[in-house]
1. In debye, nearest 20, what is the charge dipole magnitude of the range 1-132 about its Cα centre with +1 on Lys and Arg Cβ and -1 on Asp and Glu Cβ, if you could check?
2. Once you charge only the Cβ atoms, +1 for Lys and Arg and -1 for Asp and Glu, what is the size of the charge dipole of the chain about its Cα centre, to the nearest 20 debye?
3. For each pair in LYS184/LYS267; LYS23/LYS293; LYS267/LYS293; LYS23/LYS88, compute the distance between the two Cα atoms and list the pairs where it is over 24 Å.
4. As I understand it, the dipole of the range 15-308 uses +1 on the Cβ of Lys and Arg and -1 on the Cβ of Asp and Glu, about the Cα centre. Which of PRO77, MET296, LEU64 lies farthest toward its positive end?
5. Could you tell me which residue out of CYS187, ILE197, MET48 lies farthest along the dipole of the chain toward its positive end? Charges go on the beta carbon: Lys and Arg +1, Asp and Glu -1, centred on the Cα centre.
6. Could you please state, rounded to a whole Å, how far the C-alpha centre of the range 176-198 is from the C-alpha centre of the range 64-89?
7. For the chain, calculate the relative contact order in percent as a whole number, restricting contacts to Cα pairs under 8 Å that are 6 or more residues apart.
8. Between SER91 and SER16, what FRET efficiency comes out of the Förster formula 1/(1 + (r/R0)^6) with R0 = 30 Å and r the beta carbon distance, rounded to 0.05?
Amino acid sequence: MGNTHNVTEFVFLGLSSNQDVQKVFFVLFLLLYIAVVLGNLLIVLIVMTSRRLGSPMYFFLSYLSFVEICYSSTTAPKLISDLLAERKAISLWGCMTQLFFMHFFGGTEILLLTVMAYDRYVAICRPLNYTVIMNWQVCAVLVGMAWVGGFVHSFAQILLIFRLPFCGPNVIDHYFCDLLPVLKLACSDTFLIGVLIVANGGTLSVISFGIILASYVVILLHLRTRSSEGRSKALSTCGSHITVVTLFFGPCIFIYLRPSTTLSVDKTVAVFYTVITPLLNPVIYSLRNAEVKKAMKKLWIRTMKLEEK
């Protein structure tokens, strides 16, 4: 990072400067983060231990839950510890690392949600060929492609900002290192880089969202020929995925698909997609999915029996 960087650390303004509010936020976000980790770990554990949940849909769901834990962990622990700190600072290298892993896991999640939409399309529109098309080799390749795609997306983003000169000021009006607030502090013309960053992140979000939307349009058209019972069952599994997609893509498109400017509402939106959405995902999938609820009940009964012994 060479001689172009006089800045060795960045200082966050955080969510609030009020000490009492920060203490309340500390308790709130600590509880939320614990719930994110435990909720998503529970989904992973249920899928791994239940024979009922052996289909590709739940295979992808377990990976999505794992990615949610990793994604939330790139920002939440730092946010929580900073709420009790007088000075909220992060090193330049720490900032770049946080940027990389946030976009790595975020990009992977976007691609996993796209893969899950394709899985639902095949299951509903081509049910007779489902086991052939979505065999375990294909599933493993799709998950691998999601990880590789997330890495390429993040590497491209960090490459654009990595060599920018930072010579002061070093105060970020945020609670973590995100691209646009960090870009604002560079002491050089960043217009072109800002456009490339928006093009990279925005294109990934819009194309993936477009593919997911197209998949569900085709699914809905196909369901017109099904019985009311078949439509209800198909829409139940699709409804959970559509809800998760909307909750994740909405804030992402708002943040990354606009000119490279920062708004005061960005921090609130960021809280939603870094903490709230990862918490809601396991709740949505467990409450709207009968198979997951049955598997959860069996796991609970099995655990109680082991404790009695």
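1. The dipole magnitude comes to about 400 debye.
2. With Lys and Arg at +1 and Asp and Glu at -1, about 1320 debye.
3. LYS23/LYS293; LYS267/LYS293
4. The listed residue farthest towards the positive side: MET296.
5. Farthest towards the positive pole: MET48.
6. 22 Å
7. RCO, the chain: 26 percent.
8. Using R0 = 30 Å, I get an efficiency of 0.80.
The values are calculated or read from the model by the stated rules, or taken from the named source; none is laboratory data. Small disclaimer: the values here were computed from a predicted structure and weren't measured. For neighbour counting, all protein chains shown are included, and Cβ atoms are generated from backbone atoms with ideal geometry for every residue, glycine included. Protein only, heavy atoms only, side chains kept; ligands, DNA and RNA dropped before computing areas. Shrake-Rupley method; radii C 1.70, N 1.55, O 1.52, S 1.80 Å.
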